[in-house]
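In what follows, a single structure is set out as structure tokens and then discussed.
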Amino acid sequence: MFDNSISVYIHIPFCQKICTYCDFCKVLYNKEWAVNYLKKLKEEINERYMGEDIKTIYIGGGTPSCLSLKEIEYLLSLTKFFKITKLEEFTFECNIEDINVELLKLLKEYGVNRLSIGIESFDTENLLLMKRTCSYKDTLAKMELMRSLGFNNINLDLIYALPKESLNIVKNDLKLLLKLNPEHISTYSLMIEDNTFLSYRKIHSIDDEIDAKMYEYICKKLTKSGYTHYEVSNFAKPGYFSKHNLCYWNNLEYYGFGCGASGYIAGVRYNNTRSLSNYLKGEYISSDELLSKEKIMEYELILGLRKLEGINLKEFYDKYHVNMQSLFPIKPLLKNGDLIYKEGNIAINPDKLYIMNEILLKLV
């Protein structure tokens, strides 16, 4: 049985400071811009939302929590336009320094039931390099505050494989993260993207071999600590998989509202403009593509293989009336061990997740 739910992603491009590694759509917070942006966001939602039932909402950025309390309340009020009687998960991204009683009570009032927080690291040099501020002591105090106000679904982000980072630093970061006892942990190997501060400073990525050892350690440590490794970069306690992100990986439809957001509705994948000035003029979409059946199946493969359980062959056939193995060169990759077959599913061999992109290139 297929889930026909629609999800919603809302992008807030404002930050109080710009992290050195970030290539997302973002600008420094400006009150006038923020007020005008939220008004345009309301117009975009009214113009494009077609009245479907919404199963998950994710407000990300940027830094949504950098807005003023009044602006956040206006932002949250926009979700009342959606049909949310079937809403299962409502995630709001925060920075630790922005979390306080007033914010948390406001989020609770509007039905937010999941928080996602960018910790990234507790190591002083790493934080300095990334232009982040996040001490363990402050994080622990904020975690206790969130718990006291009834938030029981919290994700913490970790970035690893920074230049000059050692495995011992990764081990210590994980040790502290686990002491905080979040329901979900997302881990990302640092990518030095074009047009970021790190790329301008000519900083190079860490050695691939060290990166791979860090990833292997993270996977083993978190699974031994009771977390299920359910997607390449994501780990969760039982019952706390990210329902919103599973919408992406299961190739389901979702709206993307806001500057730099993307969406997938009625067979069309679209990207909103990354230009704030264009967005404020009401020029929302910068590109869109009506996908052929072949392209949709390609997305199904690429996204579905991010999940550790992989793709169910019968479900793929029921959905598209095509045998997945006749479309893609799966058999040779099963033979060489890149892919595995288990309980009706095709998945990337867990031992080869680190080279997932290379495997996907062989398939598509």
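The Cα atoms of the stretch 1-157 define a convex hull whose projected area, averaged across directions, is 10.2 nm².
If Rh is defined by the Kirkwood formula over all Cα pairs and Rg also comes from Cα, what ratio Rg/Rh do you get for the stretch 262-339?
Details: Rg = 17.0 Å, Rh = 14.9 Å.
Across the stretch 262-339, the Cα-based Rg/Rh ratio is 1.14.
Backbone amide hydrogens, once placed in the peptide plane, bring Y29 within less than 5 Å of C15, Q16, excluding anything fewer than 5 places away on its chain. Along its principal axes, the stretch 150-237 has C-alpha extents of 43, 27, 22 angstrom, given from the largest down.
Rounded to the nearest 20 debye, the dipole size of the chain about its Cα centre is 440 debye, using +1 on the Cβ of Lys and Arg and -1 on the Cβ of Asp and Glu.
For the stretch 334-350, backbone phi angles converted through the Karplus equation (6.51, -1.76, 1.60; θ = phi - 60°) give residue-by-residue couplings of 5, 5, 8, x, 5, 10, 10, 10, 8, 6, x, 10, 9, 9, 6, 4, x Hz, Gly and Pro being listed as x. Computed from phi, the 3J(HN,Hα) profile of the stretch 80-93 under the Karplus parametrisation 6.51, -1.76, 1.60 (θ = phi - 60°) reads 5, 6, 8, 7, 10, 5, 9, 5, 9, 8, 9, 9, 10, 7 Hz, with x in place of Gly and Pro. Remark: C-alpha extents of the stretch 310-364 on the principal axes read 31, 22, 17 Å, sorted largest to smallest.
In nm, what is the difference between 0.36 nm times the number of residues separating V268 and E47 and their Cα-Cα distance? Don't jump to the answer; show the numbers that get you there.
Numbers: separation 221, 0.36 × 221 = 79.56 nm, distance 1.66 nm.
Result: 77.9 nm gained on full extension.
Place the peptides 28-34, 138-144 in order of packing, highest mean first, counting for every residue the other Cβ atoms within 10 Å and averaging per peptide. Don't skip to the end; give the middle numbers.
On the way: 28-34: 13.9, 138-144: 16.3.
Averaged packing, sorted descending, gives the order 138-144, 28-34.
Summarising the amide proton neighbourhood of S116: residues at separation of 5 or more, or on other chains, whose placed amide H is nearer than 5 Å comprise F92, E93, C94, N155. Taken one residue at a time, the phi angles of the stretch 282-296 give Karplus couplings (6.51, -1.76, 1.60, θ = phi - 60°) of x, 8, 7, 8, 9, 7, 8, 8, 7, 7, 6, 4, 5, 5, 4 Hz. Gly and Pro are set to x. Amide H to amide H, with H built 1.01 Å from N, F257 comes under 5 Å of Y9, I10, H11, counting only residues 5 or more places away or on other chains.
Ratio of the chain's C-alpha Rg to 2.2 N^0.38 Å, to two decimals?
On the way: Rg = 20.6 Å, N = 364, 2.2 N^0.38 = 20.7 Å.
The value comes to 0.99.
Using only alpha carbons, the stretch 193-277 has a radius of gyration to Kirkwood radius ratio (Rg to Rh) of 1.08. Take every DSSP beta bridge whose two residues both sit in the stretch 6-248; close to 15 percent of them are antiparallel. Counting Lys and Arg as +1 and Asp and Glu as -1 over every other residue whose Cβ lies under 11 Å from the Cβ of K83, the net charge comes to +1. The alpha-carbon atoms of the stretch 216-364, seen along their principal axes, cover 52, 39, 27 angstrom, with the largest extent given first.
Counting helices only, and only those DSSP H runs with n ≥ 4, report the 222 nm mean residue ellipticity of the chain as the sum of -39,500 (n - 2.57) divided by its residues, in deg cm²/dmol to the nearest 500. Result for the chain, helices only: -11000 deg cm²/dmol. Using C-alpha pairs below 8 Å separated by at least 6 residues, the relative contact order for the chain is 16 percent.
Rule-based calculations on the coordinates, nothing more; no lab input. Treat the numbers as computed from the prediction; the structure is a model and nothing was measured. All Cβ positions, even for glycine, are placed from backbone atoms using ideal geometry, and neighbour counts span all protein chains on display.
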